[in-house]
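Q: Have a look at this one before I ask anything.
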Amino acid sequence: MVQKIRVGIIGTGGIAHEHIKAYQQMEQVELVAFCDINSEQLAKMAALYGIQETYATKEELLLQADIDAVSVCTWNAAHAECAIAALDAGKHVLCEKPMATTLADAIKMQEAAERNHRLLMIGFVRRFGNDAELIKEFIEDDFFGELYYGKATYLRRNGNPGGWFGDKSRSGGGPLIDLGVHVIDLMHYLMGQPKAVSVYGATFQKLLNRPTIKDSVEYQSVSKGEQDICDVEDLATGMIRFDNGAVISIEASFSLNLKEDEGKIQLFGTEAGAKLDPELELYTNINGYMADVELKKPVALQMDGLFYKEIAHYIDCIANEKDCLAPAADGVQIMAILEAIYQSAATGHEVIIEELASK
C-alpha cells in the first residue's frame, strides 16, 4: 500500500475550500488538521468537512499534528511567517498567491525552503488552466514567432471583497496584489519567464470600496463586516520591461466605472497573436492575407477542476519528486514586479528591478 501524504490547512477562509475539496478527492492524501486564529470560522470549517483535529495557532499545528505538508491559505501578510515556520518544521508548503507582501519576505521564504530541502510551491493556479496549456502548445510549436508584447486586464466594477482584502496591513495592497498577480504571472509564464528589468506603475484611490453603492458584491470575504478598513488602491496599472525587450502592460481594479467586469489577456507575436476573453481567439496571416483562426472546438478557461489540477501537481511533486511548475523562485520574480509597481506608483518614477532587489 502506498503511504499517504498527510496534509494540514493553515487558514480556513474562502480560498481554503478549493484546497480542501481537492485534497479530499485524492486517494494518496489524508487531510488531517485545520488551523485558524478565528475559532468560529475554524469550528465551522471543521464541521463542514469532518475534520476532528483543529488548532488555534500554527505553532500548535506544526508541533502536534502528524503531517507531511501544508497549504497556507491565510491573509497575505501571514504567508511568510506561516510558510517559513512550516518549512523549518520539515513540512512541504503550498502557499497561496501572492507569495508574500514584500520582496524581502519572499526571498526569506525561498531561503527557508532551500535550507530545509523542502518544496515551496506558489499558488499560481492560472498556470494549470486548460487555456494556458493550449496556448503553451502553440508557443512551443512557434505559431506566434517572437512574443514581444502582452496586455492583461482584470477589472471589476464593484468588486472589493471587504474584510482583510481592503486592509493594507493584512493584504499588502488592493487589486494589483489580489487580482493582477494572476494575470501578470500568467503572461510572464506564457512569454517564457524573461527577467524583469524595469517597471513603471500608477495606483488610484478614488472610489475605494464604493461605500455609497447599494449593489451587492459578488465575491465577499468571510471576514467582511461593518467596521472594515479600506485603505488599498481601487485601480492599478503598470508597464513591465524585460531583458529580452518584451513588455507587459497590466490593469487591475476592485472599483471602476466601466460597463461590466473584464478579465482578459492578449499576446502579440511577430507571426500571430491571441486573446483570451474568456474564449481563445487566434490571429495570423495566410498567404499574405490577414486571417482569424477559428478552432473547431472553442476553448475557454474551465474553472471547474482548476484547483484540483494545481494541488494534484503539488502532491505529485512531493510523492514523485516531479519538477514543480510554480516554484518559489518564480514567486520571488513576481513579488519583485508587484513591489516595483507599488514603489513606482508612490514615487512617480520608473523602478529598476536590480536596484530594488539589492536593497
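Q: Name the residues in region 67-85 that are out of contact with any Cys (no Cβ under 7 Å at 6 or more places or on another chain) and either free of Cβ contacts under 8 Å to residues at least 24 places away in the same chain or farther than 13 Å from Glu111 by Cα (or both), would you? I'd like the intermediate steps shown before the answer.
A: Going residue by residue through region 67-85, those that are out of contact with any Cys (no Cβ under 7 Å at 6 or more places or on another chain) are 67-71, 73, 75-78, 80-82, 84-85.
Scanning region 67-85 gives Ile67, Asp68, Ala69, Val70, Ser71, Cys73, Trp75, Asn76, Ala77, Ala78, Glu81, Cys82.
Q: Identify, from the list Lys296, Lys275, the residue that is surrounded by fewer than 15 Cβ atoms within 10 Å (Cβ to Cβ) and in the same structural domain as Gly174 (by TED's automatic domain parsing).
A: Lys296
Q: Find the residue count for region 121-166, including only residues that are touching a residue at least 40 places away in the same chain (Cβ under 8 Å), charged (D, E, K, R) and either part of a loop (DSSP other than H, G, I, E, B) or over 29 Å from Glu233 (Cβ atoms) (or both).
A: Residues meeting the conditions: 5.
Q: Moving on to the next point. With a cut-off of at least 1 residues that are more than 30 Å from Val197 (Cα to Cα) and over 17 Å from the mean Cα position of the chain (by Cα), name the helices (runs of 4 or more DSSP H) lying wholly within region 273-359.
A: 306-320
Q: To continue, here is another question. Give region 4-26 a look and list any residue that's assigned to a loop (DSSP other than H, G, I, E, B) and under 17 Å from His313 (Cα atoms), or say none.
A: Once the filter is applied, which keeps residues that are assigned to a loop (DSSP other than H, G, I, E, B) and under 17 Å from His313 (Cα atoms), region 4-26 yields Lys4, Gln25, Met26.
Q: So Glu251 fits all but one of (1) within 19 Å of the chain's Cα centre (by Cα); (2) in a loop (DSSP other than H, G, I, E, B); (3) more than 21 Å from Met99 (Cβ to Cβ); what number is the exception?
A: Failing condition for Glu251: (2).
Q: Please determine whether any residue of region 109-117 is outside any helix (DSSP H, G or I) and either over 22 Å from Asn257 (Cβ atoms) or at pLDDT 95 or above (or both).
A: The answer is yes; a qualifying residue exists.
Q: Could you list, in sequence order, all residues of region 224-239 that are outside any strand (DSSP E or B) and surrounded by 19 or more Cβ atoms within 10 Å (Cβ to Cβ)?
A: Listed by number, the residues that qualify are Cys230, Val232, Glu233, Asp234.
Q: While we're on this one: Kindly check whether there is at least one residue in region 204-217 that is among the charged types (D, E, K, R) and on the phi > 0 side of the Ramachandran plot. Before you say what the answer is, go through the steps one by one.
A: Our first condition is that a residue be among the charged types (D, E, K, R); within region 204-217, this holds for 206, 210, 214-215.
Filter once more, so that each one left must be on the phi > 0 side of the Ramachandran plot: 210.
Yes: one or more hits.
Q: I'm trying to understand the selection: among the residues of region 72-88, which are crowded, with 18+ Cβ neighbours inside 10 Å and either small (Gly, Ala, Ser) or assigned to a helix (DSSP H, G or I) (or both)?
A: Let us first name the residues in region 72-88 that are crowded, with 18+ Cβ neighbours inside 10 Å, namely 72-80, 82-87.
Within region 72-88, Asn76, Ala77, Ala78, His79, Ala80, Cys82, Ala83, Ile84, Ala85, Ala86, Leu87 meet the criteria.
Q: When you scan region 27-71, how many residues do you find that are on the phi < 0 side of the Ramachandran plot and part of a loop (DSSP other than H, G, I, E, B)?
A: 13
The values are calculated or read from the model by the stated rules, or taken from the named source; none is laboratory data. Only a predicted model underlies this, so the values are computations on that prediction, with no experimental measurement involved. In this analysis, Cβ positions are derived from the backbone assuming ideal geometry, glycine residues included, and neighbour counts consider all displayed protein chains.
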